[in-house]
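Novice: Below is the structure I would like to discuss, written out as structure tokens.
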Amino acid sequence: MKTYSKNITLPQSRVPELLNELASKIAFFVGSKERLLTDVPGLLLSRRTAPTAPASVAFEPSLAVVAQGRKRIDLGRTTFIFDQSRFLLTSLDLPVISQVIEARKEVPYLGFLLKLEMPVVRELLSREEIQAPEAPSDSPAMATGATTAELLDACCRLVDLLDTPQHIPFLSGLIQREIIYRILRGREGARLRAIATLGDQSHRTAKAIAWVRANYAKPLRVEDLAKIAGMGVSTLHHHFRTLTAMSPLQYQKQLRLHAARERMLIDSLDAASAAFEVGYESATQFNREYSRFFGQPPKRDIRTLRSPGAAPLESVSNQ
């Protein structure tokens, strides 16, 4: 089995063949389910037989490849649409609006989602001399890129490991490194490279973002956050908004709302208890902001999510 073929170039004419191969593998392993959290670390396969309603979800650093169908992601006011021709790369923890926009029973949406481990990204950058174009300074921590034959080939080989689980502990890491290497060499990987590079402003901003994510229930002072990043307040605001399409306070609020939703759904907390656990001081304010963000009050939203046939929360962090 091929495992790490970064120096092998495959002709782009093989893309349709490899897309069909990946679609067949995903369909086989997912079966009639809507998603499969596989035994390969960080790999999630998904299937939808109809378009979905827009849903507020949380993405971690990840690669999303569509073998069949089309999907839309809204990050702030920026929209990313990706399908068989383009993949989606997420370089930071980001709250987004997600929606499958092309799927039907005869030709379902089939997706491949791989969580990216930042320590592996840094390891590759320290060992490899990767020459690639830089991204515009105002580009967010999310991008689409052309789906190549080499990338699809690596994705197919990663899914193949589900047939031989005894090889997963050794080979999955090698193939994931190949996938990350190929991403880093493209223009869309520039922001991922910057975030992983010590000293870069994107890396320092990512430190502040990571602090908010780890401490979302605590009061947030932007001045303290700027010290963590080693930046001035206005500089941090600018880079924070560039990467996440929102201010630090907006980002914290969305993290709190997502966390409260999971507490109510998974731990069966009532709305008031969930609100206080994630840092809200007012249940009334929580209910108002929750309804505005998720489209309905907490109790009704959780009842909808628990109803038969409801889609599971789509979150890379669930892995």
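The values are calculated or read from the model by the stated rules, or taken from the named source; none is laboratory data. Bear in mind the structure is a predicted one, so any value in this text is a computation, not a measurement. Cβ placement follows ideal geometry from the backbone for every residue including glycine, while neighbour counts extend to all protein chains displayed. Surface areas here come from the heavy atoms of the whole protein model, side chains and all, with no ligands, DNA or RNA. Shrake-Rupley method; radii C 1.70, N 1.55, O 1.52, S 1.80 Å.
Novice: Give the residues of segment 88-102 that are within 27 Å of V212 (Cβ to Cβ) and either touching a Phe, Trp or Tyr at 6+ places or on another chain (Cβ under 9 Å) or open to solvent by less than 30 Å² (accessible area, probe 1.4 Å) (or both), sorted by residue number.
Specialist: Correct list: L88, L89, T90, S91, L92, D93, L94, P95, V96, S98.
Novice: Tell me yes or no: at least one residue of segment 103-125 is open to solvent by 10 Å² or more (accessible area, probe 1.4 Å), among the aliphatic types (A, V, I, L, M), at pLDDT 95 or above and within 26 Å of S247 (Cα to Cα).
Specialist: There is no residue in segment 103-125 that is open to solvent by 10 Å² or more (accessible area, probe 1.4 Å), among the aliphatic types (A, V, I, L, M), at pLDDT 95 or above and within 26 Å of S247 (Cα to Cα).
Novice: Given the options V316, V233, name the one that is at pLDDT below 95 and among the β-branched types (V, I, T).
Specialist: V316
Novice: Here is a further query. So if I check each of S172, S202, S234, which one is part of a helix (DSSP H, G or I) and without any contact (Cβ under 8 Å) to a residue 24 or more places away in the chain?
Specialist: S234
Novice: Say whether the condition of being modelled with pLDDT under 90 and surrounded by fewer than 22 Cβ atoms within 10 Å (Cβ to Cβ) is met by at least one residue in segment 168-186.
Specialist: For segment 168-186, residues modelled with pLDDT under 90 and surrounded by fewer than 22 Cβ atoms within 10 Å (Cβ to Cβ): present.
Novice: When E281 is evaluated against the numbered criteria (1) part of a helix (DSSP H, G or I); (2) surrounded by fewer than 16 Cβ atoms within 10 Å (Cβ to Cβ); (3) of a type in the set (D, E, K, R), which criterion, by number, is the only one it fails?
Specialist: (1)
Novice: Do any strands (runs of 3 or more DSSP E) entirely within segment 9-71 hold 2 or more residues that are open to solvent by less than 40 Å² (accessible area, probe 1.4 Å), under 30 Å from Y251 (Cα atoms) and not basic (K, R), and if so, which?
Specialist: Answer list for segment 9-71: 43-48, 55-59, 62-68.
Novice: Check whether at least one residue in segment 73-95 is on the phi > 0 side of the Ramachandran plot and not in a strand (DSSP E or B), and report yes or no.
Specialist: yes
Novice: Name the residue, out of L151, L162, L158, that is in a helix (DSSP H, G or I), open to solvent by less than 70 Å² (accessible area, probe 1.4 Å), closer than 16 Å to I26 by Cβ and touching a Phe, Trp or Tyr at 6+ places or on another chain (Cβ under 6 Å).
Specialist: Exactly one residue qualifies, and that residue is L162.
Novice: Turning to a different aspect of this structure: Consider L249 carefully, then state whether it is part of a loop (DSSP other than H, G, I, E, B) and in contact with a helix residue (DSSP H, G or I) (Cβ under 9 Å, 6 or more places away or on another chain).
Specialist: Against the criterion (part of a loop (DSSP other than H, G, I, E, B) and in contact with a helix residue (DSSP H, G or I) (Cβ under 9 Å, 6 or more places away or on another chain)), L249 does not qualify.
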